[in-house]
Amino acid sequence: MAKRLAIATELVRSAQRIVCLTGAGVSAESGVATFRDAQSGLWARFDPAQLASQAGFAADPGLVWQWYMQRLQGVAHAAPNPGHVALAHLQARSADFVLVTQNVDDLHERAGSLKVIHLHGQISQFHCNDCGLRYSLAEADRSAVFPPTCGKCGGLIRPSVIWFGEALPESALDAAWHAAGRCDLFLCIGTSGVVYPAAQLPQIARRQGARLIEINPDETPLSPTAEIHLPGPSGVILPQLVAQLG
Ligand code: OAD
Ligand code: ZN
């Protein structure tokens, strides 16, 4: 492990343009549940078709609303962990560092990361499911048992997270694609690498010659293409990496 960490540190030190893709694993040590971990993952305990799709929202808007508002409350009470903080440090000491996340929480921002690209939206933002008008909601609306209605069209307001079958935000996707296509080092951290198009980003980077480092306690479909796999929690490994950079 010490040798792998030393190689990874050298790759980071010599990189000119770094892209980092994070997933739910980065927030796990903050107490935010991942999706696919066998016991604790959200999709092991809840049905994504019911809670993360247009059909599910149409069938039971109150259930979907309450589920997200409960998760939002969990995120609000969570704090960034040393992995988030280390990534903010890494960005601050790099001339060209793009952070792309699949996470809908704001823990990267709260740790000090800038210009975070949110591929899957943000749970603390809202829009009308029918006309798309954006809303910021007061606590009273958030704690209601049913989603508030849109003042413009009467549609239901929903959290601005991407549901299954929905397109990713175009500007975030464009920015992430562009960055992956020009980076010389790609860091893949805390993601199972099975959700597309996000999982395509490390492949794009690899194909155009970027080096690839993965930080994840488990092997993923991306592991075989990674030059270095650092097996362990990002909240432990990232601070070690940043410390070694000096
Ligand atoms: P997953 O739950 O699929 O994967 C989490 C990954 O984090 C797994 O590979 C774990 O091994 C790893 N992991 C667990 N604890 C970790 C730790 N302490 N440090 C580092 N890694 C750790 O989550 P994502 O890959 O983010 O979509 O899932 C992708 C998308 O699927 C999510 O954005 C979400 C979900 O459906 C939307 O919300 C649209
Ligand atoms: Zn509307």
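If I compute solvent accessible area with a 1.4 Å probe over the protein chains, what percent of it on the chain is carbon and sulfur? Spell out each step's value before the answer.
Values: 6120 of 11300 Å².
The nonpolar share, carbon plus sulfur, comes to 54 percent.
Write down Rg/Rh for the chain, rounded to two decimals, with Rg from the C-alpha atoms and Rh from the Kirkwood relation over Cα pairs.
Values: Rg = 18.4 Å, Rh = 18.7 Å.
Radius of gyration over Kirkwood radius for the chain works out to 0.99.
Taking the DSSP bridge list for the chain and keeping only pairs wholly inside it, about 30 percent are antiparallel.
Which parts of the range 190-234 would a label at residue 3 reach, counting a residue when its backbone N lies under 17 Å from a point 7 Å out along Cα-to-Cβ? So the set is 227-231.
Averaged per residue, what accessible surface does the range 186-246 expose to a 1.4 Å probe, in Å²? Please list the in-between numbers first.
Values: 2430 Å² over 61 residues.
Per-residue value: 40 Å².
Dipole size of the range 116-179 about its Cα centre, with +1 on Lys/Arg Cβ and -1 on Asp/Glu Cβ: approximately 140 debye, rounded to the nearest 20.
Could you rank the peptides 85-94, 123-132 by their average count of other C-beta atoms within 10 Å per residue, with the highest value first?
Numbers: 85-94: 19.3, 123-132: 17.1.
So the peptides 85-94, 123-132, ranked by packing, come out 85-94, 123-132.
Considering only beta bridges that DSSP places wholly inside the range 1-147, some 20 percent are antiparallel. For the range 60-68, backbone phi angles converted through the Karplus equation (6.51, -1.76, 1.60; θ = phi - 60°) give residue-by-residue couplings of 8, x, x, 4, 5, 4, 5, 5, 5 Hz, Gly and Pro being listed as x.
Report the extension gain between residue 13 and residue 244 in nm, rounded to one decimal, defined as 0.36 nm multiplied by the number of residues separating them, less their alpha carbon distance.
Additional length available on full extension: 82.2 nm.
Here the extension length gained between residue 130 and residue 164 equals 10.6 nm, from 0.36 nm per residue of separation less the Cα-Cα distance.
So with the 1.4 Å probe, I'd like the accessible area per residue for the range 9-155, rounded to whole Å². Dividing the accessible area of the range 9-155 by its residue count gives 47 Å². Computed from backbone phi with θ = phi - 60° and the Karplus coefficients 6.51, -1.76 and 1.60, the 3J(HN,Hα) list for the range 155-166 is x, 8, 8, 9, x, 7, 10, 7, 9, 4, x, 9 Hz; x is used for glycine and proline.
With angles folded into 0 to 90 degrees, how steeply does helix 234-245 sit against the dominant principal axis of the chain? Use alpha carbons for both and round to 10. Result, in degrees: 40. Compared with the direct C-alpha span, the chain from residue 63 to residue 138 gains 25.1 nm at full extension, assuming 0.36 nm per residue. Ranked by solvent-accessible area (1.4 Å probe, protein heavy atoms only, all chains present), the residues 207, 36 order from largest to smallest as 207, 36.
Per-residue counts of other Cβ atoms within 10 Å, averaged by peptide: what ranking do you get for 225-236, 52-63, highest first? Spell out each step's value before the answer.
On the way: 225-236: 19.0, 52-63: 14.9.
Ranked from most to least packed, the peptides come out as 225-236, 52-63.
The values are calculated or read from the model by the stated rules, or taken from the named source; none is laboratory data. Keep in mind the model is a prediction, meaning the values are calculated, not measured. Because the Cβ atoms are built from the backbone with ideal geometry, glycine has one as well, and the counts that use them run over all protein chains shown. Remember, those area values only see protein heavy atoms, side chains included, never the ligands or the DNA or RNA. Shrake-Rupley method; radii C 1.70, N 1.55, O 1.52, S 1.80 Å.
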